[in-house]
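None of the figures in this text is laboratory data; all of them are computed from the coordinates on show. Keep in mind that what you see is a predicted model, and the values were worked out from it rather than measured. When we count neighbours, we look across all protein chains shown, and the Cβ atoms used for this are built from the backbone with ideal geometry, even at glycine.
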Amino acid sequence: MDTTEQRIKIAVQKSGRLTDHSRDLLERCGLKLTQSKDQLFCYGENMPVDLLLVRDDDIPGLVSDDVCDLGIVGLNVVNEKRLALEQSGKDALFDQVFELDFGHCRLSVAAPEDVEYSGAKSLQGKRIATSYVATLTDYLQRNGIDAEIVYFSGAVEIAPKLGKADFICDLVSSGATLTANHLGEVETVLESEAVVIQTREPLSDSKQEWVNRILQRLDGVLQVRESKYIMLHAPRAALAEISALLPGAESPTVIPLDGSGDKVAVHAVCRETVFWETLENLKAAGASSLLVLPVEKMLA
């Protein structure tokens, strides 16, 4: 029976830089979704899996409180919530179980362009504006730096202009926002990407089976994002050279061709980008009839 209690609940960001990637990834895992009228819930039509569309800051708490079984959220948020709990003497009741290799950014300290910076010691005794208080506190303590942390919930980059801080600590992707505000990165506090977290509460066997299946499918989708399936014909004598030219491929499949003498068909999954130069080099080595196809799904 497909009851609400037996359905997997996954918390994802309602709107932001991870939203489209997260939903697209789950749909590529085979999940068909119908969104509710209030735009806060997505029902899985073909799997016992539902999405809760929430603020990214709320995701670790929803997973920790066992409201949701899984969550897709930035490592920067996970790290901040975990450290905040630890610094208050509590444990985070969730585990990071999977890295998703998208949503890459970094939490960095930035300084005004006219400030001379000579390493982390330059932060000593200074004011640093951030919304990542726990993460910055941990960084300063680990580096033996005594600085004042000024909490800003948004628009952190304007704090120096307002005279509220000497430095800022904020998320950086392209760096365009920093440049526009005449700031420059000086220290990287945390490298971040999207991750999957899971509640520590024991799941029923059926729910755990679905969680394992979802994680396996996620792995299969991520493995093939840059992968291509290459098929070609080649002289048997050129196999060693051609195999060496196939980017990121395991041992290729070699199939004899009827009535073609020493020629064989070579099939391989290449886990790295296949450039035009790659095909030209393969052709120069003796390959012919080259065909490159996208790989949609793969289970190792």
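Tabulated results
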{"read-out": "Packing-based exposure ordering (other Cβ within 10 Å, fewest first) of His233, His104", "value": "His104, His233"}
{"read-out": "Inter-probe distance in nm under a simple model that places probes 7 Å from Cα toward Cβ, at Glu185 and Asp38", "value": "4.0 nm"}
{"read-out": "Alpha carbon centroid spacing (whole Å) that separates the range 164-179 from the range 1-76", "value": "30 Å"}
{"read-out": "Angle between the chain longest axis and helix 133-142 axis [Cα atoms, degrees, rounded to 10]", "value": "90 degrees"}
{"read-out": "Principal axes of the range 144-294: Cα extent on each, largest first, Å", "value": "80, 49, 28"}
{"read-out": "The range 128-276: relative contact order as a whole-number percent, Cα under 8 Å and 6+ apart", "value": "17 percent"}
{"read-out": "Estimated FRET transfer efficiency (Asn212, Asp66; beta-carbon r; R0 30 Å; 0.05)", "value": "0.95"}
{"read-out": "Helix axis angle, 19-28 relative to the chain longest principal axis, alpha carbon, degrees", "value": "30 degrees"}
{"read-out": "Angle between the chain longest axis and helix 75-87 axis [Cα atoms, degrees, rounded to 10]", "value": "40 degrees"}
{"read-out": "Note, ³J(HN,Hα) from phi for the range 200-217, Karplus 6.51, -1.76, 1.60, rounded to Hz, x at Gly and Pro", "value": "8, 5, x, 9, 5, 4, 5, 5, 5, 4, 5, 4, 4, 5, 4, 5, 5, 5"}
{"read-out": "The range 228-294 - Rg (one decimal) and Dmax (whole number), Cα, Å", "value": "10.8, 33"}
{"read-out": "Separation in nanometres of the label points that stand 7 Å from Cα toward Cβ, at Ser15 and Asp114", "value": "3.7 nm"}
{"read-out": "Sites matching GluC sites (Glu not before Pro) across the range 110-170 that sit in DSSP coil, with at most 12 neighbouring C-beta atoms within 10 Å", "value": "Glu113, Glu116"}
{"read-out": "5 angstrom amide H check on Lys32, placed H, neighbours 5+ away", "value": "Glu45, Asn46, Met47"}
{"read-out": "Calculated [θ] (222 nm, deg cm²/dmol) that DSSP helices of n ≥ 4 give over the chain, each run adding -39,500 (n - 2.57)", "value": "-7500 deg cm²/dmol"}
{"read-out": "Modelled FRET efficiency - R0 51 Å, Asp91 with Val295, Cβ distances, 0.05 increments", "value": "0.80"}
{"read-out": "Rounded, prolate or oblate (a/c below 1.5 giving rounded, otherwise prolate when a/b exceeds b/c) for the range 105-192 by Cα gyration tensor", "value": "rounded"}
{"read-out": "Debye, to nearest 20: dipole size of the chain, +1 on Lys, Arg Cβ, -1 on Asp, Glu Cβ", "value": "380 debye"}
{"read-out": "Relative contact order [Cα under 8 Å, 6+ residues apart], the chain, whole percent", "value": "18 percent"}
{"read-out": "Three-way shape label, the chain, alpha-carbon gyration tensor, a/c 1.5", "value": "oblate"}
{"read-out": "Neighbour-count order for Val63, Val54, fewest beta carbons within 10 angstrom listed first", "value": "Val54, Val63"}
{"read-out": "Relative contact order of the range 186-270, pairs being alpha-carbon contacts under 8 Å that are 6 or more residues apart, as %", "value": "29 percent"}
